[in-house]
Amino acid sequence: MMLFQTISALSLLLSSAVAAPRNAPAAFDVMALRSASPIHFAQVNAASRGLFLNLPQSNATCEGKSSGYATFYIENEELVLYSTEGEKQKVFVDRSGMGQGVIQYITGDQGIPRYAELKGWAIDANQNLVFKGEGFVACPDSIDGAWSIWLGEGLDQPGGNTGCLGFTARTLENKKPVGCEYTQ
Ligand SMILES: *[C@@H]1O[C@H](CO)[C@@H](O)[C@H](O)[C@H]1NC(C)=O
């Protein structure tokens with residue numbers, strides 16, 4: 001009897017998993033964790049080809065009322081800004097000496113710098129966004145008083161910035177994502 005109940009509970013579990021297929025990758029927003037700092041709990045936003053924390057507004061063109069922050073998904077190790085129409089906006093990293101870990105996004109088939117990489121994005125076991133296992137730093141005094149986001153590839157002060165802080169990029173599943181086209 002016990003065995004039968006276990007089996008039927010198991011098959012119920014399996015059939016519900018089959019009944020709700022995931023045909024699209026999960027969408028998520030990203031929150032910075034860096035305790036006792038101005039970026040603790042700040043949400044990632046996207047504007048002017050870059051990613052930012054504490055950006056007052058992105059001025060993105062959205063398909064409805066969005067969270068006001070950037071929403072992403074990962075597909076084939078590529079980080080894509082969530083939208084259901086228009087050209088895809090994909091995020092790249094440039095870990096070369098020139099790029100210093102710069103993070104930017106392109107729209108459609110716009111070119112990327114010679115050493116830029118689109119593939120390598122993942123969510124780790126702690127639900128944190130990483131690029132090839134590396135985390136991020138944010139640097140103050142960027143556009144509209146926001147903090148610009150860079151890859152933390154060993155340089156703590158990339159791009160000639162000062163006051164940069166490393167942070168953990170915690171992903172937060174967004175169950176009702178709204179598509180947006182972010183500014184170029
Ligand atoms: C958004 O628009 C406002 C008003 O035009 C402007 O002041 C601000 O700099 C813009 N922000 C971005 C990130 O483009």
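The values are calculated or read from the model by the stated rules, or taken from the named source; none is laboratory data. Keep in mind it's a predicted model, so treat the numbers as computed, not measured. Don't worry about glycine lacking a Cβ; one is built from the backbone with ideal geometry, like all the others, and counts go over all protein chains shown. Remember, those area values only see protein heavy atoms, side chains included, never the ligands or the DNA or RNA. Shrake-Rupley method; radii C 1.70, N 1.55, O 1.52, S 1.80 Å.
General remarks:
- Residues in the chain average 55 Å² of solvent-accessible surface per residue, probe 1.4 Å, ligands and nucleic acids excluded.
- Cross-link reach is defined here as a Cα-Cα straight distance under 16 Å, omitting same-chain residues fewer than 8 places apart; for Lys175 the aspartates and glutamates meeting it are Asp29, Glu63.
- Residues of type lysines that Lys119 reaches as a straight line, Cα spacing below 22 Å, ignoring anything fewer than 8 places off in the same chain: Lys88, Lys90, Lys132
- Accessible surface of segment 27-181, 1.4 Å probe, proportion on carbon and sulfur as whole %: 47
- Selection from Ser96, Phe28, Ser148, by position along the positive dipole direction of the chain (Cβ): Phe28
- For segment 48-54, 3J(HN,Hα) computed residue by residue from phi via the Karplus equation (6.51, -1.76, 1.60; θ = phi - 60°) reads 6, 6, x, 10, 9, 10, 6 Hz, glycine and proline entered as x.
- Qualifying GluC sites (Glu not before Pro) in segment 79-184, where qualification requires a DSSP coil assignment and no more than 10 other C-beta atoms within 10 Å, comprise Glu85.
- Vicinal HN-Hα couplings computed from phi for segment 117-125 (Karplus, 6.51 cos²θ - 1.76 cosθ + 1.60; Hz; Gly/Pro x): 10, 8, 9, x, 7, 7, 10, 7, 5
- Accessible-area rank, largest first, for Tyr115, Tyr182: Tyr115, Tyr182, with all protein chains present and a 1.4 angstrom probe.
- Evaluating 6.51 cos²θ - 1.76 cosθ + 1.60 at θ = phi - 60° for every residue in segment 31-45, the Karplus couplings come out as 10, 7, 10, 7, 4, 6, 9, x, 9, 5, 6, 6, 9, 6, 10 Hz, glycine and proline recorded as x.
- Cα-based helix-to-principal-axis angle, 2-19 vs the chain, degrees rounded to 10: 50
- More than 27 angstrom apart: percent of Cα pairs within the chain: 30
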